[in-house]
Amino acid sequence: MSEPSVFTRILNGEIPSEIVAETDNVFAIRDIAPRAPLHLLVIPKTAAYRDVVELAAGDPGLLAEMVSLAKTLAEEHADGDFRLIFNVGEGVGQTVFHVHAHVVAGRFSEGSVGG
Ligand code: AMP
């Protein structure tokens with residue numbers, strides 16, 4: 001077994017972070033290094049999928065739940081418009097291999113999201 005991901009450790013209360021939203025299958029936190037006025041992470045509770053490609057193939061309904069929570073959060077925390085970013089692979093800056101969506105609204109800072 002590999003080590004639990006940072007997100008699993010947050011979900012289990014082992015690493016402090018404010019959980020801004022939670023459903024049966026998905027939760028959301030604030031990114032610790034925000035690149036925009038709103039920068040949240042929407043994360044499935046299961047760590048079974050390392051990226052969105054695996055998730056889409058394995059559980060498209062769970063991916064749809066993530067998108068739905070992202071929309072709700074963008075409406076609650078911004079004006080409803082948002083970018084949804086999934087990094088896939090180290091080469092584009094993925095650092096946590098427990099699938100997560102970056103929910104970004106407002107003006108971007110320089111640099112890539114994540115990484
Ligand atoms: P990625 O580069 O797409 O894998 O995104 C991982 C994201 O997780 C980065 O944007 C990090 O800033 C964020 N991150 C890492 N550790 C934490 C943490 N303890 N709390 C909140 N966000 C984190």
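At a glance:
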item: Simple Cβ-charge dipole of the chain, Lys/Arg +1 and Asp/Glu -1, about Cα centre, in debye nearest 20; result: 180
item: Length gained when the stretch residue 50-residue 88 is fully extended (0.36 nm per residue, less Cα-Cα span); result: 12.8 nm
item: Whole-angstrom gap from segment 39-68 to segment 4-21, using each part's C-alpha centre; result: 16
item: The chain shape via C-alpha gyration tensor axes, a/c threshold 1.5; result: rounded
item: Neighbour net charge for residue 25 - beta-carbon separation under 15 angstrom, K R +1, D E -1; result: -3
item: Förster radius 22 Å - calculated FRET efficiency between residue 21 and residue 97, Cβ distance, rounded to 0.05; result: 0.45
item: Expected 222 nm ellipticity per residue - DSSP helices of 4 or more, -39500 (n - 2.57), all of the chain, to 500; result: -8000 deg cm²/dmol
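Where a number appears in this text, it was derived from the coordinates with a stated rule and is not lab data. None of these values were measured; they are calculated from a predicted model. Neighbour counts run over all protein chains shown; Cβ positions are idealised from the backbone, glycine included.
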